[in-house]
Amino acid sequence: MAQSRAHRKMSLGPGFWPVTIALTIVNVAISYVIAVFPFEQLVPIVGAPADQIDTLFRFMSVIGNAIFVYVLGYLVYFAIVWRWRPSDGPDAIGVQVHDVPKLEFWWTVVPSIIVAIIAIFSVRIWAGMQNTPGDVLTMEAIGHQFKFEFRYPKMKNSVYDSMHVPVDTPVTLNVTSADVLHSFWSPSLRIKADMVPGLVQTLRFTPEHIGKYAIICTEFCGTQHANMAAALYVDSQQAFGAWLSAQARQQGQASAPVALGSGQAAAGQALFGQKCSTCHSIGPFNQKIVGPGLGHLFNDPAHPALVTGEKASPAAISHILISGYQGPIGVMPNRQANALSNQDIANLVAYLTSLSQKKQR
Amino acid sequence: MAVAAHAGFIGGDTHDHIHPEPQGFIRKYVFSLDAKVIGIQYMVAAFLFFLISGLLAEVVRTQLLVPRGAILSNDTYNGVYSLHGSSMVWMVIIPLMTGAFGNFVMPLQIGARDVAFPWLNLLSFWLFPVSAVILFSSFLIGAPDAGWTEYPPISVQGPAGTSLWCIAIFLIGISSTMTGLNFMVTIVKMRAPGMTFTRMPLFVWASLATALLNMVATAALSAATAALFMERQFNVPFYDPTRGGSPLLWQHMFWFYSHPAVYIMILPGFGIVSEVFPTFARKPIFGYKMIAFSSIAIALLGFMVWAHHMFTSGMAPWLALPFMILTMVIAVPTGIKIFSWLATLWGGKIHFHPAMLFSLGFIATFTFGGITGVFLSSVPFDYDAHGTYFIVAHIHYVLFGGSVFALYSGLYYWWPKITGRMMSNTLGVWHFWLTFLAFNVTFLPMHLLGLWGMPRRVAQYQLHPEFQFWNDVASVGSYVLALSTLILIYNMVQSLLRGRRAPGNPWNARTLEWMTTSPPPYYNFRTIPAVLKNPYNFGEPLPYIGLDEAESAGSTHPPAGSSPLPAHA
Amino acid sequence: MEGATGVTASIEKSIAFVFAIVVGGTTSFQLAKDWKSTGLDNQVTKLLLGLMAFGCILVILAAVGVLGGV
Amino acid sequence: MAAASSFNATHEAITVRYNSVDHAYAEQRDIRLLGFVLFLISDVVIFSAFIFAYLYLRNSVPNWPPITKGGHQLPRFDVAYAAINSTILFGSGATMHSAMESWKRLDKPAFNLWLLATIVLGIAFLGGQGYEYHSAQVTWAGSTMGASFFTLTGLHGFHVFIGIIYLCVLYLQANRGVYTGSKYFGLTAGTLYWHFVDVIWVALFFLFYLW
């Protein structure tokens, strides 16, 4: 008792109030910087609810920064001011204070209020995200190893690797997965949902700014997880309409038979470099990257038949390119996934055939 | 003194030790029953694994030097970071926190001769290197690649080593459960006479809270890994959605353990800091009861927040809210601790020993990590940051900036007690500053990278070459971090070889472990002392009676004009 | 396994009913006798005996068809 | 002086604590008992985790028993048979309790009889389980129902098996005079363990057969 009374009479220590004022000034300055920091220029935003999440982030950053600056500031200041000096003698002890109940009360209550405010703010934004009105465009995103598939209503076939949405239109995106866990994230949307096989999750957003944005898989999904990405295009209403009809035209064309004779080996080689070489080498069958090497399709003793068991022939190769492959060796996406037109397929077949012939000579 | 005459009666003598002192090398140092030896065994083994997993971390940082990935194939890289995470959590931090310091310090601090079940303790320890060897040997048959969380279904299809991962984690889980049980009984039943709960040192309080978590939560991990193993090896459907299972089931079971596990990894660290601060500030710990109470509060709340790791996973959306609010509530007891430590500094006579420096650094980095933790608990923000490098940054701020800094602090603090030798303070100070700076250089940029769009667990970022600069900064920081560890190793080696002999109580500390020789004798205390008061009242006589005079020589307080604290660096 | 039907099931249920009455009665009697005992082991034993008596009630309910009927 | 009076109080408490002749055994017994109860609690958590898995899997499909890919619904487990088997296990709990009471009354022959009865009933239960496994129409790897059923009842059966071995050891030890007077912690632990195994079955019986 006597001790604590004595302590009450003591000052808070040299420089306590100036330091407090200085820390407060630093805090205000940093808060201002946080408030005006153009974060949306580093990672551009698509539209709601990204703007609200940025506001929440700014708000929490201001509070978190204030707490951190005070804690760190007093830590350094106390450590300097109350350091032991040789003149104190080896047995010097500090002020023997055990408790200041009032202080402890306040530093329990004030943080409780602060987290309550953050919680209320978060819940409000969360509730707003649940109630976005209007399902003007409802579409699906499906995760595959290692591609994003997008399905639009009224469109027969899926689109791979790029997602187009019209500006100023509320989008309801149902996400799921065809194989393992993936996650649909666009840093510019500020929201994500795991793509879980057998489960559909819904993301709602309203794009407001025309442009191209990134879509990234953030849940580990296998060897090529790092390269699983897609592009999100926010188009003007007209451009979106044009894109839709172009898709419909392309899909109509895709159902026509492939004219194998029209293939150009040189064009096929360029295409192979873009689309195939991440998984296939042009070495012998056993020179695998993900799938087998394709350089000796017709004459490799390790490769008497295609992985499908058929004898290698231009028609059989084009069949694999069209339908994809799923079996003990692995998975190869189909033509939609690889965005291959009829001409592309013909070119690739011509190129692969020419490789084997070169080796034979 | 009359008190001394009672001593033999009060505590009994060395003959009432639980088991007789073993003879022979094997029984003394290999299959020892002595908690102190087991603690040192934990320390040596876990430090070795720390170096191995640290090396794996350097491999990760080297790979990410260039966008296409510098040295490894994607598959190898996935194995490397998975083993880095798994072994840092289960083979390094948890064994060091509970196994090493818990075993060495806790029985001494409560004035016991050993833990309650020495044989169980022996078994707990030997399961640990066995499981570590199993874990690391998974590299030979294809290391697990789905990270330390091993989410199915990818882990069900994963490389053969994933099954070894299941076995290793199952075994270390059993070991943790047994340690928790052992410590719980030890602390509840074996305190020295007079040591009421409110007279226990704060490290003991932290160990008690940790023991509760270890005992209850770890059992859930054992069940989850057993089920994953059965699914992989015997095709039993638990997690595979095509056969009626649920991937989310694993996430619930895994996080029901692994969230409390973060508190298993940090609560003993809180205890260490709470011991170091009073000793080197020469002040009682501020708000003893609140710190002790908040440890228990954190442990209990820790059971109720696991699903905050699953906001984006596909739970019923409204479920996120209670988990968010409970998670934020944990910030309050944690804040109480931080403010209490700050208040302990106020009015002190602070000695900048390396142990103190690491505790001060702990406050700085852990507060930062705690604040980003509150950010992440906010559901809308988590929708953005989940699964990115922001998470990587956060977890390293709390597990490296928190747990490992606390472990370093404890190492410098108890090293003389454990080895009987003093370490070089100068090297310790260098070690601290290099570690502290390099740590921040390594992990601070990761917050930015995460929000910018870099997901975690990527072997390449060739789609975003603009991430390269900050990745390179982080990698350079990590190399300096590795170098700083070499200073620590050199310091330990030179201390063991030619360090000054440590007195029983080199820091004039007041908890019981300093009231015996350094290193302590086999039986800890010749006579078990009786405890009269809370240990942290500097300026008062020591609150122990019945201590053996020879053992505690030089530690009665204050020894006028003798053994000053070590000079400043 | 598919439940036995008809007469077999009735006989099985009658046996279970009688057994459960006997065991449940014994357990309840033992519980009543130990009711005032103290100490950690006895407290735990009482809790477990109580739950076992509850198990017998479940069996009785199953035998008379209140629970477990399809 | 405050310190002196507090010392006297402490001193008295210590005197009481060490007054009993058998205090060392009593203390060891308390320590082991607490440890054993905590072990049972952590065992409860393991069962709870698997039960949680069962409830979760059950809750994630519209029908239970689940419908297989072929479109036919799996059969329910046989309640009547399991009810008899349950009473056998519960009965073994009652005999175990009687054995312990006989021991406390120093009635060695009754103790032996009750303990043997417990062992026989335990074996009978395991046999019944074995028959049920043998004639089961679901398989461990075939469905989530089979997975949770065989995992949980298998884990429980393993506990019963360990319990039977433990009881046999206790029988031998008790008749070799390992336990005397008030020093019979092994028997206390065995009883607690056996009751615990019975009570776990209450939960499993309800979850798999009655619900």
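The values are calculated or read from the model by the stated rules, or taken from the named source; none is laboratory data. Just so it is clear, the model here is predicted, and its values are computed rather than measured. We place every Cβ from the backbone using ideal geometry, glycine too, and count neighbours over all the protein chains shown.
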Residues that are of a type in the set (S, T, Y), part of a loop (DSSP other than H, G, I, E, B) and surrounded by 20 or more Cβ atoms within 10 Å (Cβ to Cβ), drawn from the stretch B:105-160: B:Y151
How many residues are more than 9 Å from chain D (Cβ to nearest Cβ), part of a helix (DSSP H, G or I) and surrounded by 24 or more Cβ atoms within 10 Å (Cβ to Cβ) when one looks only at the stretch B:215-249? 3
Return a yes/no flag: does the stretch B:438-457 have any residue that is without any contact (Cβ under 8 Å) to a residue 40 or more places away in the chain and among the basic types (K, R). no
Per the filter on the stretch B:62-89, residues among the small types (G, A, S) and assigned to a helix (DSSP H, G or I) are B:G79, B:S82, B:G85, B:S86, B:S87
Expected single match for within 13 Å of chain C (Cβ to nearest Cβ), at negative phi, outside any helix (DSSP H, G or I) and without any contact (Cβ under 8 Å) to a residue 60 or more places away in the chain among D:T139, D:T153 is D:T139
It is to be established whether one or more residues within the stretch B:190-210 are within 12 Å of another protein chain (Cβ to nearest Cβ), buried (at least 24 other Cβ atoms within 10 Å of the Cβ) and more than 30 Å from D:A147 (Cα to Cα). yes
Conditions: (1) free of Cβ contacts under 8 Å to residues at least 40 places away in the same chain; (2) within 25 Å of B:K189 (Cβ to Cβ). B:L120 meets all but one. Number of the miss? (1)
Take residues that are crowded, with 24+ Cβ neighbours inside 10 Å, on the phi < 0 side of the Ramachandran plot and at the interface with chain A (Cβ under 7 Å from one of its Cβ atoms) and tell me which of the helices (runs of 4 or more DSSP H) falling wholly in the stretch B:328-410 contain 2 or more. B:354-377, B:379-385
Report whether or not D:T139 is under 24 Å from B:E231 (Cβ atoms) and either surrounded by fewer than 21 Cβ atoms within 10 Å (Cβ to Cβ) or within 20 Å of the chain's Cα centre (by Cα) (or both). yes
Can you find a residue in the stretch A:153-161 that is buried (at least 20 other Cβ atoms within 10 Å of the Cβ) and either among the acidic types (D, E) or under 21 Å from B:P247 (Cα atoms) (or both)? no
Looking across the stretch D:56-88 at residues that are part of a loop (DSSP other than H, G, I, E, B) and among the aromatic types (F, W, Y), the single one that is farthest from the other protein chains (Cβ to nearest Cβ) is D:W64
Here are the criteria: (1) under 30 Å from A:I93 (Cα atoms); (2) away from every other protein chain (no Cβ under 14 Å). Tell me which single one B:L497 does not satisfy. (1)
For the stretch A:287-312: of the residues being at pLDDT below 70 and either outside any loop (DSSP other than H, G, I, E, B) or of a type in the set (S, T, Y) (or both), which is surrounded by the most Cβ atoms within 10 Å (Cβ to Cβ)? A:T308
Taking A:V180 as the residue in question, decide whether it is aliphatic (A, V, I, L, M), farther than 16 Å from A:I45 by Cα and facing chain B (nearest Cβ under 9 Å). yes
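Conditions (1) closer than 30 Å to B:Y389 by Cβ; (2) in contact (Cβ under 8 Å) with a residue 60 or more places away in the chain, marked per residue:
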| residue | (1), (2) |
| --- | --- |
| B:F469 | yes, no |
| B:V473 | yes, no |
| B:A482 | yes, yes |
| B:M492 | no, yes |
| B:N508 | no, yes |
Selected residue (criterion: farthest from the other protein chains (Cβ to nearest Cβ)) from residues of the stretch D:180-211 that are touching a residue at least 60 places away in the same chain (Cβ under 8 Å), more than 30 Å from D:W64 (Cα to Cα) and more than 13 Å from the chain's Cα centre (by Cα): D:K183
Just name the residue that is nearest to A:M129 (Cα to Cα) out of those in the stretch A:49-76 that are polar (S, T, N, Q) and surrounded by fewer than 19 Cβ atoms within 10 Å (Cβ to Cβ). A:Q52
Take the stretch C:19-48 and flag every residue that is touching a Leu at 6+ places or on another chain (Cβ under 7 Å), of a type in the set (A, V, I, L, M, F, W, C) and facing chain D (nearest Cβ under 7 Å). C:L40, C:V44
Could you tell me whether B:W470 is of a type outside the set (V, I, T), within 13 Å of chain A (Cβ to nearest Cβ) and under 30 Å from B:F49 (Cα atoms)? yes
Tell me, which strands (runs of 3 or more DSSP E) wholly within the stretch A:142-244 include 1 or more residues that are over 26 Å from B:A320 (Cβ atoms) and not assigned by TED's automatic domain parsing to the domain that holds A:S341? A:147-151, A:162-166, A:211-217, A:229-235
Of the listed residues (B:A223, B:A143, B:A217), the one being more than 30 Å from B:G546 (Cα to Cα) and free of Cβ contacts under 8 Å to residues at least 40 places away in the same chain is B:A223
Being more than 21 Å from B:V44 (Cβ to Cβ) and either among the polar types (S, T, N, Q) or surrounded by fewer than 24 Cβ atoms within 10 Å (Cβ to Cβ) (or both) is the filter here, so list the residues in the stretch B:411-439 that pass it. B:N425, B:T426, B:V429, B:W430, B:W433, B:L434, B:F436, B:L437, B:A438, B:F439
Criterion (within 31 Å of the chain's Cα centre (by Cα) and either of a type in the set (A, V, I, L, M, F, W, C) or modelled with pLDDT under 90 (or both)) met by exactly one of A:G94, A:G89, A:G47: A:G47
Does C:A16 satisfy the condition of being within 8 Å of another protein chain (Cβ to nearest Cβ), within 30 Å of D:Q73 (Cα to Cα) and crowded, with 17+ Cβ neighbours inside 10 Å? yes
I'd like to check something: does the stretch A:147-162 contain any residue that is more than 10 Å from every other protein chain (Cβ to nearest Cβ), of a type in the set (S, T, N, Q), out of contact with any helix residue (DSSP H, G or I) (no Cβ under 6 Å at 6 or more places or on another chain) and in contact (Cβ under 8 Å) with a residue 12 or more places away in the chain? yes
Looking at the stretch A:13-30 only, could you name the residues that are under 16 Å from A:V71 (Cα atoms) and surrounded by 14 or more Cβ atoms within 10 Å (Cβ to Cβ)? A:F16, A:V19, A:T20, A:L23, A:T24, A:V26, A:N27, A:I30
